[in-house]
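Take a look at the structure set out below.
Rule-based calculations on the coordinates, nothing more; no lab input. Given the structure is predicted, the values throughout are model-derived calculations rather than measurements.
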Amino acid sequence: PVGAGAQDFRGIVKLNKTAASMMELLKDDITEEQIVAALSKEYDAEEKTISEAVRKFVSKLQNEGILA
């Protein structure tokens, strides 16, 4: 976690390869659509499936206070 949330975070986050790719992309100012596009180039999956995974991952990060 970064920013103010880093002070309150008291856990461990273990990421799979896809989640790690998303975290790398989130280091920059990027939209969910841009993340989906980048992952679509990297993974052989339907865009709808990737979009749902990105939305769930971003939501989880926000709910945990890791991503604002």
Residue span ALA45 to SER21: 0.36 nm per residue of separation minus Cα-Cα distance leaves a gain in nm of 7.1 nm
Length gained if ILE30 through LYS60 is fully extended, taking 0.36 nm per residue and subtracting the Cα-Cα distance, is 9.1 nm
